[in-house]
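To start, the structure itself, in structure tokens.
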Amino acid sequence: ALCGVVALDGPSGTGKTTAARKLATQLGAGYLDTGAMYRVATLAVLRAGIDPADEDAVVALVRRTRIEVGTDPGAPSAFLDGAEVGAEIRTEDVNRAVSAVSAVPEIRELLVAEQRRVIREATGSGGGIVVDGRDIGTVVAPEAPLKVFLTASADVRARRRSAQDAAEGRQSSPDQAKASVQRRDHLDSTRATSPLRAADDAVLLDTSDLTIDEVITRLAELADGRG
Ligand code: C5P
């Protein structure tokens, strides 16, 4: 079984989340979806009718909101003040607002502290955890022995996103998905605090021409030290 942290970073539509969950299951490790935490914070902001651009109001609200994400790779779960919100955090409204909320330094400070707590809890007893995000290798867990940065071409990422939307019952055309994915990645890559970026010691993995099973096989080799 895996000991320690596997840091998986990259933009959306690279297969990161699916690969992270399956890898964690295969390795008998926990799984932390840090994007889900930023999504729960964003859902709270939208439900409260707060403008995502109003940083002070966003910070005040998130400070008094309980954000929890489960670590079982077989049963992902997310909670806002104790209520399950797994489906609500994947809507296009949340997609549109999440980059503004996650760019606020105080929000990142709050959520990174919680992410580190979850990682300590999982690894303290000699266990492992696969952590999926944008800044895991650079900021959240720079000590991780394995960091992988997943990439894929814009077209492939858009296609995967709209296939995922369709599978989960949301309407979106490939063009819409492409615009949405590109806009979010641009915002995430250009923000001042913890932008989306590969750590200097990350392994780069282009998933454009790989199936999800091939991605997982490659990740398992790397985690095994066979990379
Ligand atoms: O991974 P996912 O697409 O669910 O992430 C949603 C958003 O949360 C990202 O677009 C980004 O703005 C933010 N995020 C982040 N840092 C992370 C994970 C996600 O800023 N570690």
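Using per-residue counts of other Cβ atoms within 10 Å, averaged over each peptide, order 161-167, 102-108 from highest down.
Those peptides, ordered most packed to least, come out 102-108, 161-167.
So what's the net charge close to residue 95: Lys and Arg +1, Asp and Glu -1, counting the other residues with Cβ under 11 Å from its Cβ?
Numbers: positive: 39, 90, 96, 161, 170, 183, 184; negative: 92, 93, 165.
Neighbour charge sum, excluding residue 95 itself: +4.
What net charge do the residues around residue 187 carry, taking every other residue with its C-beta under 13 Å from that of residue 187, with Lys and Arg at +1 and Asp and Glu at -1?
Spelling it out: positives minus negatives among the neighbours equals +3.
Place a label point 7 angstrom from the Cα of residue 151 along the Cα-to-Cβ direction, then list the residues of the range 182-201 whose backbone nitrogen is under 19 Å away.
Answer for this model: 182-191, 195-201.
Hey, if you drop one equal point scatterer on each alpha-carbon of the chain and run the Debye formula without solvent, what base-10 log of I(q)/I(0) do you get at q = 0.09, 0.11, 0.12 Å⁻¹?
-0.33, -0.51, -0.61
Shape verdict for the range 49-96, please, from the Cα gyration tensor: rounded (a/c under 1.5), prolate (a/b greater than b/c) or oblate.
Oblate is the answer for the range 49-96, as a/c is 1.5 or above yet b/c matches or exceeds a/b.
Taking N as the number of residues in the range 7-113, what value does Rg over Cα atoms divided by 2.2 N^0.38 Å take?
That works out to 1.07 for the range 7-113.
Report the label-to-label distance for residue 57 and residue 175 in nanometres (one decimal), using points 7 Å from each Cα along the Cα→Cβ vector.
About 3.3 nm, to one decimal.
Just to verify a number: FRET efficiency for residue 96 and residue 116, C-beta to C-beta distance, R0 = 25 Å, to 0.05?
Approximately 0.30, to the nearest 0.05.
Pulled fully out, how much extra length does the chain show between residue 187 and residue 125, if you take 0.36 nm times their separation in residues and subtract their Cα-Cα distance?
Here the segment from residue 187 to residue 125 would lengthen by 18.6 nm.
Every read-out reported here was derived from the displayed coordinates using simple, explicitly stated rules and does not represent laboratory data. Note that the structure is predicted; figures quoted are calculated from it, not measured. All Cβ positions, even for glycine, are placed from backbone atoms using ideal geometry, and neighbour counts span all protein chains on display.
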